[in-house]
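Report on one structure; see the data block that follows.
The values are calculated or read from the model by the stated rules, or taken from the named source; none is laboratory data. Quick caveat, the model's predicted, so the values are computed rather than measured. As a convention, Cβ positions derive from the backbone with ideal geometry for all residues, glycine included, and neighbour counts pool all protein chains shown.
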Amino acid sequence: MTISAIKARNYRAKRMHPCIYCGKPCHFTSEWCHSCGAKLAAEKRGLKLREPNFCIDCHNSISPEAKRCRDCSNKHNAPKMRGSTSPRWKGGRHIRKDGYAMLIDPSGSGIRTLEHRLVWEQTHKREIPKGWIVHHLNGIKSDNRPENLIAVPEKKHNKMTFINALQKRIRELEQLHLL
């Protein structure tokens with residue numbers, strides 16, 4: 001280190017003084033402490049400073065009203081605010097605008113599933129084949145009883161297929177009613 005560099009360092013060190021709040025060195029010319037954010041010149045003018053407030057997790061300087069800094073607050077709240085642990089959780093089932101019931105995974109993963117497709121897969125113990133559609137026989141889109149659901153291939157899906165399925169279901173219901 002050169003002599004001029006040593007003199008410059010000593011000169012800078014002489015211009016520093018400890019902060020009255022956090023004890024870390026501050027420049028005489030600075031109005032604010034760079035460590036804790038306290039206004040240093042206020043005491044010289046006879047003004048009262050608020051007590052500095054620190055984050056309860058990382059101990060960084062924060063606003064007087066807060067308990068945690070923004071980063072620690074996000075980390076602290078994030079795991080609680082998803083899925084069934086969220087205070088806004090309403091059971092994970094809602095009816096869409098088009099009338100179908102939608103289920104939301106309670107684990108918080110955000111996966112959404114149409115309820116009639118899930119019921120059909122659980123009833124038949126297999127996945128819906130690719131290119132197949134699950135229909136409600138009675139036409140009520142939120143009625144997801146297993147006996148009300150039928151899966152048909154998309155290629156064969158037309159008005160006649162749907163009408164035949166409805167007529168078959170009506171005959172079954174009529175026979176049950178007559179017994």
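Summed over the stretch 132-149, the residues that are assigned to a loop (DSSP other than H, G, I, E, B) and either of a type outside the set (A, V, I, L, M) or surrounded by 14 or more Cβ atoms within 10 Å (Cβ to Cβ) (or both) give a count of 8. Of all residues in the stretch 118-131, none are surrounded by 14 or more Cβ atoms within 10 Å (Cβ to Cβ) and either in a strand (DSSP E or B) or outside the structural domain of Arg169 (by TED's automatic domain parsing) (or both).
With the requirement that a residue be out of contact with any Phe, Trp or Tyr (no Cβ under 8 Å at 6 or more places or on another chain) and of a type in the set (S, T, N, Q), what does the stretch 120-179 give you? Hits for the stretch 120-179 are Gln122, Thr123, Asn138, Asn144, Asn148, Asn158, Thr161, Asn164, Gln167, Gln175. Scanning the stretch 150-170 for residues that are modelled with pLDDT of 80 or more and in a helix (DSSP H, G or I) yields Lys168, Arg169, Ile170. Residues that are in a strand (DSSP E or B), more than 20 Å from the chain's Cα centre (by Cα) and surrounded by 14 or more Cβ atoms within 10 Å (Cβ to Cβ) within the stretch 56-106 comprise Ser61, Ile62, Ala101, listed in sequence order.
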